[in-house]
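Take a look at the structure below.
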Amino acid sequence: MKSVLLLNGLALAVGLFSACTQDNVHAPEPEIVTVEKEVAPEKEAFDDSLYFEGTLTTGVPAMAAVMDPVSTTDFMQFKGMTDKSSGYATLVLGSFNITIPALGNRVIAIGEMTIDSVQYAFYPNGNGMFFKDDFEVEAGSYLTQGSLQGEFSAAGGVTMTMDYKPGTMPFQCHSELEAVRK
């Protein structure tokens, strides 16, 4: 009895497998589809210098009650950006004047500032940031100390805030720049 059941089971298995093989013989060959990899266009070479022009607004917070902030047209340039995502560059801020009415309209001429080792980073969306926690530079006839921070926008704009003390001036100055890339 066991051998009859075993033979029946074996015959059933052979019949099923042979039916499957016969079905595959008549099945159509799968179509081979070739997908070509899309190649991104080459990006233009990285520009290691960014130039911006805009409005620089400067005030002396300790004298806010007697002195309104002064706005002038100015420029800012980043030089020596060696990497398109992050690194250190030199920031150049054009010269400008601070007029202090409380001191008989005394004009303090702040010379061009060249600030080395400003750290920057760009994000995948095109925006970015930069900062320098502590700098000391010659700005015309003033040894100027301060800090700065700012942001790049993917649309080509830049904003920067800078707190600094020119020479022996007893009060700290605050400047804000809003500019666009030229």
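The values are calculated or read from the model by the stated rules, or taken from the named source; none is laboratory data. Here the structure is a predicted model, which means the values were calculated and not measured. In this analysis, Cβ positions are derived from the backbone assuming ideal geometry, glycine residues included, and neighbour counts consider all displayed protein chains. Areas reflect the complete protein model, heavy atoms only, side chains present, ligands, DNA and RNA absent. Shrake-Rupley method; radii C 1.70, N 1.55, O 1.52, S 1.80 Å.
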Original post:
Using the beta-carbon distance between Ala65 and Thr90 and R0 = 30 Å, what value does 1/(1 + (r/R0)^6) give for FRET efficiency, to the nearest 0.05?
Top reply: 0.25
Original post:
Within the stretch 140-182, what residues put their amide N at less than 18 Å from the label point 7 Å along the Cα-to-Cβ vector of Thr73?
Top reply: 158, 177-182
**OP:** For every other residue with a beta carbon closer than 11 angstrom to the beta carbon of Gly150, add +1 if it is Lys or Arg and -1 if Asp or Glu, then tell me the sum.
**Re:** -2
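Accessible area per residue of the stretch 52-182 at 1.4 Å probe, in Å²? Spell out each step's value before the answer.
On the way: 6710 Å² over 131 residues.
Per residue, the stretch 52-182 has 51 Å² of solvent-accessible surface.
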Subject >> Distance between modelled label sites at Asn97 and Asp133, nm, 7 Å Cα→Cβ extension >> reply: 3.7
Original post:
For the residue pair Thr57 and Ala109, what label-to-label distance in nm results when each label sits 7 Å from Cα along the Cα-to-beta-carbon direction?
Top reply: 2.7
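How charged is the neighbourhood of Met160? Take every other residue with its Cβ under 10 Å from the Cβ of Met160, and add Lys/Arg as +1 and Asp/Glu as -1.
On the way: positive: none; negative: Glu151, Glu176, Glu178.
Summing Lys/Arg as +1 and Asp/Glu as -1 gives -3.
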